[in-house]
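Below is one structure; the comments refer to it alone.
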Amino acid sequence: MKVVIGLSGGVDSSVAAWLLKEKGYDVIALFMKNWHDSTGVLKGDCPWDEDVLFAEMVAKKLKIPFHTVDLSEPYRKRVVDYMFDEYKKGRTPNPDVLCNREVKFDLFVEEAMKLGAEKVATGHYSRIEETKINGNTIYRLLSGKDQNKDQSYFLCQLSQEQLSKAMFPIGEIDKPEVRMIAGREGLATATRKDSQGICFVGKVDLPVFLQQKLSARKGSIVEIPVEHKKWNVFPEGIPNTELSDEQLKILSSPYRYDPVDGFNVGEHNGAHFFTIGQRKGLNIGGKPEPLFVIHVDVETNTLYVGQGHEHPGLNRKGLFIPWGEDHWIRRDRKMKSGEDAEMLVRIRYRQALQVARLYARKDGIFIIFKDLQRGITPGQFAAWYDKEEVIGSGVISE
RNA sequence: GAUUCAGUAGCUCAGCUGGUAGAGCACAUCCCUUUUAAGGAUGGGGUCCUCGGUUCGAGACCGAGCUGAAUCA
């Protein structure tokens with residue numbers, strides 16, 4: 001069987017390619033160029049030129065054909081523009097989840113098919129399991145065997161169609177083993193540092209990067225005192241199934257603030273450059289405890305902050321995802337209005353799975369957590385799991 | 001105008017009965033991390049308002065001045 005491996009120039013995809021070859025697949029390497037602008041990229045090492053070299057070296061070593069494809073234009077349209085758009089709205093996007101859904105497992109797969117591939121493999125720490133349920137083939141997306149490196153979160157927006165063509169060879173092994181194999185097989189990427197930052201763009205100074213499209217505009221920073229507001233008192237533990245829409249709304253809604261709720265403590269260069277839970281960059285000292293962003297209001301260009309890790313404005317019980325923003329990898333398990341289910345949920349990469357209950361209602365899905373969650377941020381993805389399987393995900397609306 | 005209190009790192013302050021300064025926050029760097037954050041580690045920084053005096057030695061004691069705050073009238 002012909003398989004295209006997306007070689008990135010990193011160690012993970014290199015070992016994935018080796019594993020495929022070992023298993024006897026007819027492997028073709030395809031390197032994808034997605035970005036060649038280094039504006040705002042730290043250390044100037046827009047590294048793709050170096051990445052190609054490494055990818056090519058690995059391909060040569062494995063004696064597999066090597067191709068490249070330039071997808072930078074669609075990447076810009078489908079991922080980067082979305083980023084700017086979201087930040088402009090005061091939300092915090094996750095470009096890498098989009099990159100997977102829109103580019104790697106879409107356009108890149110199309111390119112791979114042109115090369116005659118049946119499947120496309122990547123170096124993700126995740127697993128796919130094909131099963132039959134009621135006579136239908138279902139592809140289950142599972143967490144990687146290496147729980148520490150599990151990257152299933154980044155794949156939480158993939159569809160059954162996309163999964164049906166995907167392979168994750170290193171999902172069955174852990175990172176130390178990947179390094180070991182790369183070293184043993186003499187792959188050039190064996191000791192190469194793991195990539196970080198937005199995939200393909202690199203590690204960026206976000207405010208600088210965003211200023212390409214979003215202008216700086218001074219606004220005020222308002223501190224909301226811990227004792228000022230009438231905070232909700234949330235019930236301990238996981239709520240029961242008998243909650244009214246009204247109760248769910250209270251449990252999941254963010255607090256609304258007004259400048260008169262607090263006092264002015266400083267000035268910022270643009271509320272849209274900040275995200276909820278952020279501590280660094282506020283440039284306000286003199287407080288016994290650190291300040292964290294608890295709300296971003298781009299309408300009035302006001303940043304609301306709270307003092308201390310335990311500030312009530314920073315820790316919430318739930319969140320809301322409207323219908324249309326939800327996505328089900330397991331289509332057969334899509335919830336209908338009126339249903340509820342206990343799930344494990346994470347709201348950011350590498351967060352330990354959190355116990356929560358999902359409530360499907362008329363307008364969308366409410367997720368109420370067992371424990372308070374720090375920094376629930378609109379624009380980010382919540383992904384829900386049943387044990388090690390990703391069931392679905394959605395964009396946090398508020 | 002008088003009285004009292006205050007003036008120490010970017011900010012808020014601590015420095016016991018005198019021996020050439022510290023904490024939190026902020027900031028920087030590094031680590032962690034294929035998102036945003038958070039988190040961890042390390043670090044840079046101070047004519048201790050000014051001038052004079054006492055003392056072997058003053059941020060600390062005394063005097064004068066400057067600045068700010070409160071109270072009194």
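The values are calculated or read from the model by the stated rules, or taken from the named source; none is laboratory data. Model, not experiment: these values are computed from the prediction. As a convention, Cβ positions derive from the backbone with ideal geometry for all residues, glycine included, and neighbour counts pool all protein chains shown. These area figures cover heavy atoms from the full protein model, side chains too; ligands, DNA and RNA do not enter into them. Shrake-Rupley method; radii C 1.70, N 1.55, O 1.52, S 1.80 Å.
Restricting attention to region A:356-394, the residues that are in contact with a helix residue (DSSP H, G or I) (Cβ under 6 Å, 6 or more places away or on another chain), within 26 Å of A:M83 (Cβ to Cβ) and assigned to a strand (DSSP E or B) add up to 3. Taking region A:158-191 as the range and being open to solvent by less than 60 Å² (accessible area, probe 1.4 Å), in a loop (DSSP other than H, G, I, E, B) and more than 12 Å from RNA strand B (Cβ to nearest atom) as the test, the residues that pass are A:S159, A:I173, A:E185, A:G186, A:L187, A:A188, A:T189, A:A190. Just to be sure, is A:I276 within 16 Å of RNA strand B (Cβ to nearest atom), in a loop (DSSP other than H, G, I, E, B) and surrounded by 13 or more Cβ atoms within 10 Å (Cβ to Cβ)? Yes. Entry remark, region A:288-314: residues being more than 11 Å from RNA strand B (Cβ to nearest atom) and either in contact with a helix residue (DSSP H, G or I) (Cβ under 7 Å, 6 or more places away or on another chain) or basic (K, R) (or both) number 5 in total. Taken over region A:361-386, the criterion of being of a type in the set (A, V, I, L, M) and open to solvent by 30 Å² or more (accessible area, probe 1.4 Å) is satisfied by A:L372 alone. In region A:17-74, of all residues being of a type in the set (F, W, Y) and modelled with pLDDT of 90 or more, the one that is surrounded by the fewest Cβ atoms within 10 Å (Cβ to Cβ) corresponds to A:F66.
Take the conditions of a type outside the set (G, A, S) and either open to solvent by less than 80 Å² (accessible area, probe 1.4 Å) or within 26 Å of A:Q157 (Cα to Cα) (or both) and apply them to A:P239. Does it pass? The answer is yes for A:P239.
Given the criterion closer than 20 Å to A:K88 by Cβ, within 16 Å of RNA strand B (Cβ to nearest atom) and in a loop (DSSP other than H, G, I, E, B), identify the matching residue among A:P225, A:P254.
Among A:P225, A:P254, only A:P254 is closer than 20 Å to A:K88 by Cβ, within 16 Å of RNA strand B (Cβ to nearest atom) and in a loop (DSSP other than H, G, I, E, B).
Residues are listed down the side, and each one gets a yes or a no for (1) under 21 Å from A:L158 (Cβ atoms); (2) of a type in the set (G, A, S):
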{"position": "A:D258", "(1), (2)": "no, no"}
{"position": "A:E267", "(1), (2)": "no, no"}
{"position": "A:F274", "(1), (2)": "no, no"}
{"position": "A:G285", "(1), (2)": "no, yes"}
{"position": "A:P288", "(1), (2)": "no, no"}
{"position": "A:L314", "(1), (2)": "no, no"}
{"position": "A:L344", "(1), (2)": "yes, no"}
{"position": "A:Y349", "(1), (2)": "yes, no"}
{"position": "A:R357", "(1), (2)": "no, no"}
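Close contacts from region A:342-360, counting a first residue that is surrounded by 21 or more Cβ atoms within 10 Å (Cβ to Cβ) and a second that is assigned to a strand (DSSP E or B) and polar (S, T, N, Q), with Cβ to Cβ under 6 Å and a gap of 6+ residues or different chains, come to A:V345/A:Q354.
Could you tell me whether any residue of region A:247-270 is within 18 Å of A:R374 (Cβ to Cβ), surrounded by 12 or more Cβ atoms within 10 Å (Cβ to Cβ) and touching a Leu at 6+ places or on another chain (Cβ under 6 Å)?
yes
With respect to the conditions (1) touching a helix residue (DSSP H, G or I) at 6+ places or on another chain (Cβ under 7 Å); (2) modelled with pLDDT of 95 or more, A:K317 falls short on a single one, namely (2).
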